[in-house]
1. Could you give me the ³J(HN,Hα) list for the range 286-297, computed from phi with Karplus coefficients 6.51, -1.76, 1.60 and θ = phi - 60°, whole Hz, x at Gly and Pro?
2. For a quick check: with amide H placed at 1.01 Å from N, whose amide H comes under 5 Å from VAL226's, ignoring anything fewer than 5 positions away on the same chain?
3. So what's the net charge close to VAL264: Lys and Arg +1, Asp and Glu -1, counting the other residues with Cβ under 11 Å from its Cβ?
4. Using the structure shown, select from LYS244/LYS372; LYS176/LYS315; LYS180/LYS272; LYS180/LYS214; LYS57/LYS217 the pairs with a Cα to Cα distance greater than 30 angstrom.
5. If I fit a long axis through the Cα atoms of helix 264-277 and take the longest principal axis of the Cα atoms of the chain, what angle between them do I get, 0 to 90°, rounded to 10?
6. Between the helical axis of 349-362 and the dominant principal axis of the chain, each derived from Cα atoms, what acute angle in degrees is found, rounded to the nearest 10?
7. Amide H neighbours of GLY84 under 5 Å, counting only residues 5+ apart in sequence or on other chains, H built in-plane at 1.01 Å?
8. In the chain, what percentage of the DSSP-assigned beta bridges are antiparallel, given to the nearest 5?
Amino acid sequence: MVLGCDAWELSAPSKRYTAVTHPEDPSSITPAVKELLDRSHAYILPVYARPSIVMAKGKGAFIWDVQGRKYLDFSAGIAVNALGHGDEGVVEVMRTTASTLLHTSNVYHHEYAGKLAELLIQLTQAEGGLGWAPGSARPVTNGTSGAKVFFSNSGTEANEGALKVARKVGKERWAKATGKVWDDPACDKVEIVCFERGFHGRSMGALSVTSNAKYQKPFTPLIPGVRIGQLNDIAALEGLVGEKACAVIVEPIQGEGGINVAEVDWLRALRKRCDEVGAVLIYDEIQCGLYRTGSLWAHSTVPADAHPDIVTTAKPLANGYPIGAVLLRDNIAEVMTAGTHGTTFGGSPLACALGYHVMSRLSDRAFVATVKETSDYLEARLALLTKWFPNILEEKVRGRGLIRGLGFKDSSYPGRVVELARERGVLLLTAGADAVRLVPSLNIGVGEVGQAMDVVESCLSVLSE
């Protein structure tokens with residue numbers, strides 16, 4: 001096929017890439033690569049299951065290993081490299097900022113944190129989120145914008161911060177309701193609700209709300225008072241989210257857990273139940289936010305009565321440089337005062353300057369329109385797969401925009417497809433126990449999507465034989 005042609009012109013899956021082009025068998029490992037791998041095995045904690053390839057450089061949607069083999073990166077560093085690899089604008093901001101002011105700690109102000117926080121809040125108000133319908137931009141009045149931002153170093157840290165804030169809000173609300181002081185030992189408004197297949201991080205607090213035994217079991221006992229529910233089960237909410245709940249945390253589109261989308265009616269019911277019991281609603285948009293679905297937030301397109309009190313973000317915010325952020329409504333943020341939370345490195349001049357640059361580009365209307373065009377093409381190509389391979393794939397493709405999941409009927413297939421694709425020069429990810437995840441850079445071209453889909457089709461053809 002011609003790369004980028006209309007998906008509806010295709011009558012059969014591509015078999016162009018059935019042959020292995022990027023072998024990974026032991027005989028393909030050169031002495032130089034073996035030396036690098038041996039060093040890694042000798043000195044790095046073995047917590048990652050990685051293939052025997054060593055990456056050397058990247059540009060745009062492509063990445064090369066030390067042997068010079070070229071890969072189409074359809075994983076974007078796990079949904080991080082929104083502007084791809086080696087972006088010239090990102091590199092220039094990094095160079096100029098690092099040579100001017102690299103680190104100050106949060107003992108002092110610097111110009112970049114305020115600029116990025118302002119941009120994030122103004123975009124949220126203009127495009128929808130945190131209780132604002134699209135077009136709700138408002139001026140600063142009485143010294144406040146209506147929301148606040150806390151900067152961290154990662155998504156896990158952002159979620160830890162959000163959970164801490166929610167705990168404090170819960171204690172304050174309990175004190176107000178009972179007439180007692182917030183630190184009274186009798187305070188029981190400390191429960192946190194999370195959901196099956198959710199992933200919120202690996203530090204102890206975030207791990208406690210990541211309901212996956214594989215991740216949790218070796219590190220028990222975890223934080224007590226965590227309750228686990230099922231995504232999209234409206235009937236269970238009343239019993240799940242009780243008066244003792246201080247927080248509910250959920251991904252509007254579960255990433256690591258399988259690209260599972262929370263239904264709008266369920267989110268509205270969840271918001272309503274949180275209001276009834278005084279629980280803080282947290283949306284973890286670390287993987288699905290910042291234009292990956294085609295809108296600023298995955299929840300930007302749902303009614304305001306389904307919006308959260310807090311939204312967390314990280315991955316693409318600085319295109320690969322470590323940063324995370326917690327956005328909070330003012331009525332939630334007001335409980336946090338000097339000393340109640342902090343970080344040495346979070347919100348550094350370099351991280352925030354990069355974040356401002358990246359968000360300015362991602363929010364450009366022309367850029368968003370291109371994301372929509374590419375997303376539509378990817379959706380059309382994926383829809384063909386479910387028709388061509390009904391014995392292998394689920395009928396419905398998961399996700400929205402450029403966060404997509406192919407569900408498999410046999411849970412042994414996703415890992416195999418990722419391996420087959422990598423051996424043919426395309427990098428994919430698994431998601432949960434039964435899906436392949438597609439989260440390319442947001443500036444990927446239609447032609448590159450076409451190439452990736454040709455490879456996926458070839459891999460599925462190999463599986464079918």
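1. 5, 9, 9, x, 6, 6, 5, 8, x, 10, 3, 10
2. Distant-sequence amide H within range of VAL226: ILE192.
3. Value of the local net charge: -1.
4. LYS244/LYS372; LYS176/LYS315; LYS180/LYS214; LYS57/LYS217
5. 30
6. 70
7. Distant-sequence amide H within range of GLY84: LEU442, ASN443.
8. Of the beta bridges lying entirely in the chain, close to 65 percent run antiparallel.
All of the numbers you see were taken from the coordinates with simple rules; none came from a lab. Note that the structure is predicted; figures quoted are calculated from it, not measured. Backbone-built Cβ (ideal geometry, glycine too); neighbour counts: all protein chains shown.
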